Amino acid sequence: MFAVLLALPLLAAAGAGAATRHTPPALGVPRFVQVVALNGLPADSTLRAGFLAGLRGGFADDQLPLEVRSADGSWAQGAPTPNRFRLLEGEPADDAWSLRLTLGVPAAVRGAATGDAGGHRSDPGRRTSRGMIAALELVPPATASDDERPLQVRDAFAFPPRGEPSSATLGLPENGYEFPWAEAGRAVARLALEELMRADGDLKSAERADISPAVRHEAGR
């Protein structure tokens, strides 16, 4: 288990004294999310830090970029929508959603080397693909009504090689791919926000998060 902590100011009560964590946030006031578990990231601290920076950045964005489904079922870029959700640190809070993340990351390339011909330094960032699978479990706040249920979703995405946005997979280069960990963290944040905002009524059925430059794929079972 790996807890993600992010320093954020406490929610203040409007026109009152100190807020209690049992007070549901009013319209327009941030909703809170606590990442209580994160499994599957590589042990390398640099790679983890890159992913977590992207995850934090995605939740910190004031707006969530959207795609809108057209009549023929295709998705096109739409207008962004305000993001009221923020990560919360510290002790468990009754008015915060809980987020558990389990990631399927591409395997490291054995013997991937960097440097000149004289060196043979292994690079843990080089991976056998540019795809990731994210299983998300979102548990509503303890203060939520009984009709709010935990959300469980499984998403997959990949990053197309530059210059070929329509294709996310090509023949594996000898030294594999340089995986964009920070961009992957931001994509996972946006996928989580999509589910949270839909549960909160902030997203319509024909709207979804734009996770570009990542491309969605079937996650399988």
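We did not get these values from a lab; they are worked out from the coordinates using the rules stated. All values reported here derive from a predicted model rather than from experimental measurement. Note that we place each Cβ from the backbone using ideal geometry, even for glycine, and neighbour counts take in every protein chain shown.
Structure above, values below:
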quantity	calculated
Debye, to nearest 20: dipole size of the stretch 31-217, +1 on Lys, Arg Cβ, -1 on Asp, Glu Cβ	540
Using a Förster distance of 22 Å, the FRET efficiency for A37-E218 (Cβ separation, nearest 0.05)	0.30
Rounded FRET efficiency, nearest 0.05, which uses the C-beta distance separating E148 from D72 and R0 of 35 Å	0.55
Spatial separation of Cα centroids for the stretch 177-221 and the stretch 79-108, in angstrom	12
Placed amide H near L66: partners under 5 Å, 5+ positions off or other chain	G78, T81, D210
FRET efficiency estimate (nearest 0.05) - Cβ-Cβ, V29 to T128, R0 45 angstrom	0.55
HN-Hα J in Hz across the stretch 56-65 - Karplus 6.51, -1.76, 1.60, θ = phi - 60°, x for Gly and Pro	4, x, x, 6, 7, 4, 6, 10, 9, x
